[in-house]
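Everything below concerns the one structure shown next.
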Amino acid sequence: YRFAGVFEESERAFTRAKELDPYTPRLLASGLTYLYQNKCSQALEIFAQSEPYSAFSLLCQGMTLLDMDRAAEARKRFDAVLATRGTSTARWVAEAYLAYMTHQFERGLEAIRALERMFAPAGDGGEALYHYGRLYIALGDSTSGIALLERAIDEGFFPYPRLSTDAFLGPARTDDTFARVLTKAEARHKAFKRSLSRGTQPPPRH
C-alpha cells in the first residue's frame, strides 16, 4: 500500500500489525507512510520510538526534521548516523543530506553516485531508488535523478501523491522527461486503486 501511494490503507495495515506484534522492529517503516503524507509529527514519533538509535531510524528522523524546517536538529541526526558503527546505505544517504544542507553539492553527488554503483545494481529496491533519485535532483543532477525515479516506478514503487508533492523533486518539474515519468506513476497508482475496488491486486514487479 505504501509503495502504491494508498496511504490510508497502509496506515490501517500497520495499525493491525502493531496490534498483532507491537514489538517488531519492522513497524519502523510505518513512519514512512506518515512522512510521505507530510504528517511529520506522527512520523517523527514512530521513528523516535522504534529503534531510535539505529542508523535507519536516525536517518528517518533527520529526513523528517528537515521536512519540518528544523535543520539544526536534522543535522544532529545525520551526524549521529555517520557516528554509528558499520557500513550501511544510511551512512551514505546521511552524508548526501549533510552536503545538501551545507551547499556542498558535488560532495553530495559523489555520495549518491557511490550508492548507485554499490547498491542499486544489487536490487536495493524501488523505495531506496526513489530516495537516491530525489537527492540527485536536489543536488543538481536531474537527469540521473529522473532516471532513478523511473527505475523505482518500474520496480514497483509508485506513490503518486508523494511524488507529485515532494519538494526535493521541484527542480525537475519543468523537465519533459520528469512529466512523463510522473504520468507513469499516476497511471500505476490509479490502476492499483481500481484493483482494490474490484477486490484484486496486481502482482508486485521485482
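Observations, loosely collected:
- Whichever residue in the stretch 1-26 is without any contact (Cβ under 8 Å) to a residue 60 or more places away in the chain and assigned to a loop (DSSP other than H, G, I, E, B) and, among such residues, is farthest from Ile46 (Cα to Cα): Tyr1
- Residue within the stretch 46-63 that is under 20 Å from Phe158 (Cβ atoms) and open to solvent by 20 Å² or more (accessible area, probe 1.4 Å) present: no
- Considering Ala152, Ala90, the condition of being in a helix (DSSP H, G or I), among the hydrophobic types (A, V, I, L, M, F, W, C) and more than 30 Å from Tyr23 (Cβ to Cβ) is satisfied by Ala152 alone.
- Every residue from the stretch 4-25 that is over 20 Å from the mean Cα position of the chain (by Cα), open to solvent by less than 40 Å² (accessible area, probe 1.4 Å) and closer than 26 Å to Pro161 by Cβ: Ala17
- Glu116 fulfils the conditions (1) on the phi < 0 side of the Ramachandran plot; (2) at pLDDT 95 or above except for a single criterion, (2).
- Cβ pairs under 9 Å, 6+ apart, first in the stretch 161-177 and farther than 14 Å from Gly133 by Cα and free of Cβ contacts under 8 Å to residues at least 60 places away in the same chain, second among the β-branched types (Val, Ile, Thr) and not in a helix (DSSP H, G or I): none
- Members of the stretch 1-32 that are farther than 18 Å from Gly62 by Cβ and hydroxyl-bearing (Ser, Thr, Tyr): Tyr1, Ser10, Thr15, Tyr23, Thr24
- Per the conditions (1) small (Gly, Ala, Ser); (2) surrounded by fewer than 21 Cβ atoms within 10 Å (Cβ to Cβ); (3) farther than 21 Å from Phe7 by Cα, the sole criterion not satisfied by Ala172 is (2).
- Set side by side, the residues Gly140, Gly123 differ, and just one is at pLDDT below 95, over 22 Å from Phe7 (Cβ atoms), out of contact with any strand residue (DSSP E or B) (no Cβ under 9 Å at 6 or more places or on another chain) and of a type in the set (Gly, Ala, Ser), which is Gly123.
- Cβ-Cβ contacts under 6 Å between residues 6 or more apart (or on different chains), taken from a first residue in the stretch 27-41 that is among the aromatic types (Phe, Trp, Tyr) to a second residue that is surrounded by 20 or more Cβ atoms within 10 Å (Cβ to Cβ), are listed as Tyr34/Ala43; Tyr36/Pro159; Tyr36/Arg162.
- Test: residue in the stretch 127-142 that is more than 25 Å from Met68 (Cα to Cα), open to solvent by 10 Å² or more (accessible area, probe 1.4 Å) and either without any contact (Cβ under 8 Å) to a residue 60 or more places away in the chain or not acidic (Asp, Glu) (or both): no
- Residues in the stretch 64-92 that are open to solvent by less than 20 Å² (accessible area, probe 1.4 Å) and touching a Phe, Trp or Tyr at 6+ places or on another chain (Cβ under 6 Å): 2 in all.
The values are calculated or read from the model by the stated rules, or taken from the named source; none is laboratory data. Only a predicted model underlies this, so the values are computations on that prediction, with no experimental measurement involved. Don't worry about glycine lacking a Cβ; one is built from the backbone with ideal geometry, like all the others, and counts go over all protein chains shown. Ligands, DNA and RNA are stripped out before the accessible areas are found, and what is left, the full protein with its side chains, is counted by its heavy atoms. Shrake-Rupley method; radii C 1.70, N 1.55, O 1.52, S 1.80 Å.
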